[in-house]
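Throughout, read-outs are computed from the coordinates displayed, never taken from laboratory work. Quick caveat: nothing in here was measured; it's all calculated off a predicted structure.
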Amino acid sequence: FFDKVVMNSSVDTTLAAAPAPPAPAQPAGVAEGEGVAGSAAVSAGQPASLSRRHDVLDAGIAAARGLVQPELDGAEHGVWLLTFVNHWNLEQERIVVLTERSLLRVKYNFLQQRVDKCTRLALADVESITLGRVRFA
């Protein structure tokens, strides 16, 4: 996604962990175990990331949206689940919320369905974003 983000400030606002809202109910017209919006279902017997289960992902997105402070961040522009590879070659999933004035990077525990950490980055502090292919050393 990004090779590098350069900030003109080293200020990092970290929010305390917040409890996640209860998991949403199964949507009307969707049978138990069926995916939402025509996507493939994930059954309990299939090895899959918890973030790929729609109910768990929806709870994570709701928790991330609950961290947005409209007076500080402005209106929400989008929410994404991103997976990146750290320098130890481990995959890490983060929910990212883009608002008018901020970018929130949320570490969500999909197993316990709670926010572990949230980092707010003011968009005014971003000097440049470098785009490019992922490179492995």
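Contour minus end-to-end for Asp116 and Ile129, with contour as 0.36 nm per residue of separation and end-to-end as the Cα-Cα distance?
Between Asp116 and Ile129, full extension yields an extra 2.1 nm.
If you stretched the chain out fully between Phe84 and Leu67, how much longer would it get, using 0.36 nm times the residue separation minus the C-alpha to C-alpha distance?
So the extension gain works out to 3.9 nm.
Would you mind checking which residues have amide H under 5 Å from Ser102's amide H? H placed 1.01 Å from N; only 5 or more apart, or other chain.
Leu123
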